[in-house]
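Trainee: Just passing along the structure, written as structure tokens.
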């Protein structure tokens, strides 16, 4: 007892050293525990991937090949290290041939996608955040052969960025991605389940008016949207060239660019502005995201006008312009795994055919105009907001006190959903900011752009994205169950002795 008392007395008399070494011991124990858990998790995922890689493939066919476009500066320059530690080993163990392309400047991912020979790859995998994903999707949709490659080349997503809104909803993972989420995303690429997603096509409008639309603009825009719908699939006459790329993290003005495509949505308002300034408070360390809302209280509201059409599931007025309501005329290129998968026509033989020319919807194509003043404005696709198949427009309150702004901002930092706001569901949208708000910025998939009047067209079934096996969410319209080219191939491998020798 006396010895214990002596030890406690010594610790009390040297309390500074006691606190320091106690903290060091706690940190070391937690670090060691985390390392052990990470190693155990990776061992489990590596064994799962190696089972796929140990299977035999038919003689004379090449292994599966994926092209990975990696943004090495994503997530504070941790993306490349995380990819090499937690994603690349699983791809290699599964027998996947990987062609790694690194971006060196903002916007370069678009030109990389345009230069890739997609006939020699089975998938394009995006390793980065929302911004890198938007660049890759934009580059793919702008290709002169986009109508041919879209049905044949799926997109894979590895959430290695700082902001991963699409991956957060797609993989149902927490805002702060862990090793488990990265490994599961890599296995998703390996297993090859695919599901179609929507994309928003964003184009700059030249005409503008202070706070609203000019006379006759609704009729003009109606004709414009009809034309846009007819061009949902980029043709060889449009979107075929790449503009000069930006050398900084801020994108060039939208009017100097061709259409931008995004999978998540658009943000505009005080919350976007505060979040974009978080790196200014780097001296707060891990609390910088919270500090951004403390020192950037809302001032004046943002004002503008919207013209939008209500969503339509297909009718006689729109089915001719909706590519998602028509059967694809481009037959996907044959891959080695298609030997074991029924053809497209046979898979669709049991599909119920709907004659949209017999469906009448008087509301289809009807435009509604509203004007608003708000501190928070956003437009989201159903990829991140699964409550509807249309685009969701969120318009926040006209004013907000500092305390309420702080609470709401901190909720969003913690990964919670946006508080209840009026929601408008739309198919085609035109957004006109007031002249006074032209100097402000908006975010498209977490990338900053100069504010301009823009038109938005929601493209259904725009791309195929590799998804988890347990994803049972319904796609845009009823269609046969999507098969995994990996699992179909392996099942055939196990049951056919004529192609394999063990």
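The values are calculated or read from the model by the stated rules, or taken from the named source; none is laboratory data. Bear in mind the structure is a predicted one, so any value in this text is a computation, not a measurement. Cβ placement follows ideal geometry from the backbone for every residue including glycine, while neighbour counts extend to all protein chains displayed.
Trainee: If only one of 174, 159 is outside the structural domain of residue 426 (by the TED database), surrounded by 20 or more Cβ atoms within 10 Å (Cβ to Cβ) and within 30 Å of residue 412 (Cβ to Cβ), which one is it?
Mentor: On the way: 174 fails: surrounded by 20 or more Cβ atoms within 10 Å (Cβ to Cβ).
Step by step, each of 174, 159 is checked, and only 159 is outside the structural domain of residue 426 (by the TED database), surrounded by 20 or more Cβ atoms within 10 Å (Cβ to Cβ) and within 30 Å of residue 412 (Cβ to Cβ).
Trainee: Quick one: residue 68 ticks every box in (1) within 17 Å of residue 192 (Cα to Cα); (2) at pLDDT 90 or above; (3) in a loop (DSSP other than H, G, I, E, B) bar one, so which box is it?
Mentor: Result: residue 68 fails condition (3) only.
Trainee: Which of (1) part of a loop (DSSP other than H, G, I, E, B); (2) at negative phi does residue 457 not meet, given it meets every other one?
Mentor: Residue 457 satisfies every listed condition except (1).
Trainee: So residue 271 passes all but one of these: (1) within 27 Å of residue 374 (Cα to Cα); (2) surrounded by fewer than 19 Cβ atoms within 10 Å (Cβ to Cβ); (3) at pLDDT 80 or above; (4) not assigned by the TED database to the domain that holds residue 148. Which condition number does it fail?
Mentor: Condition not satisfied by residue 271: (2).
Trainee: Within the range 117-141, track down each residue that is in contact with a helix residue (DSSP H, G or I) (Cβ under 9 Å, 6 or more places away or on another chain) and not in a helix (DSSP H, G or I).
Mentor: Residues satisfying the conditions are 122, 123, 124, 125, 126, 127, 128, 129.
Trainee: Does the range 82-89 contain at least one residue that is assigned to a loop (DSSP other than H, G, I, E, B) and either in the same structural domain as residue 141 (by the TED database) or surrounded by 23 or more Cβ atoms within 10 Å (Cβ to Cβ) (or both)? Even if it seems obvious, please write down each step before you answer.
Mentor: Taking the range 82-89 and keeping what is assigned to a loop (DSSP other than H, G, I, E, B), we get none.
Checked the range 82-89: no residue is assigned to a loop (DSSP other than H, G, I, E, B) and either in the same structural domain as residue 141 (by the TED database) or surrounded by 23 or more Cβ atoms within 10 Å (Cβ to Cβ) (or both).
Trainee: Check the range 98-119 and report whether any residue there is in the same structural domain as residue 178 (by the TED database), surrounded by fewer than 20 Cβ atoms within 10 Å (Cβ to Cβ), farther than 26 Å from residue 141 by Cβ and modelled with pLDDT under 95.
Mentor: No, because not a single residue in the range 98-119 is in the same structural domain as residue 178 (by the TED database), surrounded by fewer than 20 Cβ atoms within 10 Å (Cβ to Cβ), farther than 26 Å from residue 141 by Cβ and modelled with pLDDT under 95.
Trainee: Could you please give the count of residues in the range 142-184 that are more than 13 Å from the chain's Cα centre (by Cα), in contact (Cβ under 8 Å) with a residue 60 or more places away in the chain and not in a loop (DSSP other than H, G, I, E, B)?
Mentor: Total meeting the criteria: 9.
Trainee: Then there's this: Might you let me know whether the range 451-459 holds any residue that is within 19 Å of residue 163 (Cα to Cα), surrounded by 17 or more Cβ atoms within 10 Å (Cβ to Cβ), touching a residue at least 24 places away in the same chain (Cβ under 8 Å) and assigned by the TED database to the domain that holds residue 313? Lay out the reasoning, then the answer.
Mentor: We begin by selecting, within the range 451-459, every residue within 19 Å of residue 163 (Cα to Cα); these are none.
Within the range 451-459, not a single residue is within 19 Å of residue 163 (Cα to Cα), surrounded by 17 or more Cβ atoms within 10 Å (Cβ to Cβ), touching a residue at least 24 places away in the same chain (Cβ under 8 Å) and assigned by the TED database to the domain that holds residue 313.
Trainee: Name the residue, out of 18, 10, 38, that is surrounded by 10 or more Cβ atoms within 10 Å (Cβ to Cβ), more than 51 Å from the chain's Cα centre (by Cα) and assigned to a helix (DSSP H, G or I). First the steps, then the outcome.
Mentor: Values: 18 fails: more than 51 Å from the chain's Cα centre (by Cα); 38 fails: more than 51 Å from the chain's Cα centre (by Cα).
Exactly one of 18, 10, 38 is surrounded by 10 or more Cβ atoms within 10 Å (Cβ to Cβ), more than 51 Å from the chain's Cα centre (by Cα) and assigned to a helix (DSSP H, G or I), namely 10.
Trainee: Let me ask you something else. If you scan the range 89-132, which residues turn out to be within 16 Å of residue 154 (Cα to Cα) and free of Cβ contacts under 8 Å to residues at least 12 places away in the same chain?
Mentor: Across the range 89-132, the qualifying residue is only 117.
Trainee: A follow-up question, please. Restricting the range 61-71 to residues that are surrounded by fewer than 17 Cβ atoms within 10 Å (Cβ to Cβ) and either touching a strand residue (DSSP E or B) at 6+ places or on another chain (Cβ under 8 Å) or not assigned by the TED database to the domain that holds residue 91 (or both), which is nearest to residue 85 (Cα to Cα)?
Mentor: First, pick out the residues of the range 61-71 that are surrounded by fewer than 17 Cβ atoms within 10 Å (Cβ to Cβ): 61-63, 65.
From the residues that got through so far, the ones that are either touching a strand residue (DSSP E or B) at 6+ places or on another chain (Cβ under 8 Å) or not assigned by the TED database to the domain that holds residue 91 (or both) too are 62-63, 65.
On the way: 62: 26, 63: 22, 65: 20 Å.
The qualifying residue nearest to residue 85 (Cα to Cα) is 65.
Trainee: Sticking with this structure for a sec: Residue by residue through the range 72-81, note down the ones that are surrounded by fewer than 18 Cβ atoms within 10 Å (Cβ to Cβ) and in contact with a strand residue (DSSP E or B) (Cβ under 7 Å, 6 or more places away or on another chain).
Mentor: 72
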